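Right, one structure below, let's go through it.
Values quoted throughout were computed directly from the atomic coordinates according to the rules given, and no laboratory measurement underlies them. A quick note: this is a predicted structure, and the numbers were derived from the prediction, not measured. All Cβ positions, even for glycine, are placed from backbone atoms using ideal geometry, and neighbour counts span all protein chains on display.
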Amino acid sequence: MIRGMIFVDLLNFDIALHSLYVANDLPTPRLDFVKLFRKVVRCVEGTELLKAYIFAPRPDEFLMQDDHFVRYYRWLQTLKTLPFFDVIEGRYITRATDPNEPKDINKPWTYVKSEKGNDINLAITALSNAFFNSYDAAFFFSADSDYANVYSMLKHMGKLVIQVSVQGQNLNKVLATTTDKQIVLNKWYFENCLLASSPRPAAAPRPATGAGDGEAMSGETPLAPESLANGCDVPPLADDSIPGGNGIL
């Protein structure tokens, strides 16, 4: 058995997921993360999921005046209750765009927000777990090339490194040389990993021949796995819903 761990740069993944569906005029789905992660590790034959780490920023007190961030942070806390999930928090900090005008949560032009700590937290967690030989294969949900040095070090330590991205993300060529495998997830994959309470997104008009990139629209028969851009030869996934999953807001 290959012991697999998942490391998720949540903002990187969430932005890419949202962009994929917006580009197709579809609502962003709410995913069952437990199901998604267990299915992704099957892309490396013989791999079982040991643990998933989610790296996400905690909003500062100013941002918590916004109901959107209150809901986001409440959702983040529910992930901590799932078995074999750890959430490691970075920071979302804000500063005024004009020193002469105070920040106002109802006036987005008065402030900017920055993400702090997530990248270093992910790198330290992945490397420290590798040092203690806690896993054999690391799955990184991020298209950020800043992690390339981490990937190289893990490969040097004898670990399998799999980079997971969302269709449409720009992949730096350096990632191909610092990872053992690259997996690109598309709408067909996500629509097999929805929360039971989440309706499938309405189907958009199907693109012209050759433009589908292996994506199955809602209501259509999923294409064969080999049509996926990543070559992940996993059969169409059964509706084995796993209790306790949670979705992106």
Query raised in the report: According to a simple spin-label model (label point 7 Å from Cα along Cα-to-Cβ), what is the distance in nm between Leu171 and Ala196?
Result: 3.4
Requested in this report: Would you mind counting up the charge near Phe131? Only other residues with Cβ under 15 Å from its Cβ, with Lys and Arg at +1 and Asp and Glu at -1.
Outcome: +2
Requested in this report: Using only alpha carbon positions, build the gyration tensor of the range 1-84, then give the equivalent ellipsoid semi-axes as the square roots of 5 times its eigenvalues, largest first, whole angstrom.
Outcome: 27, 18, 10
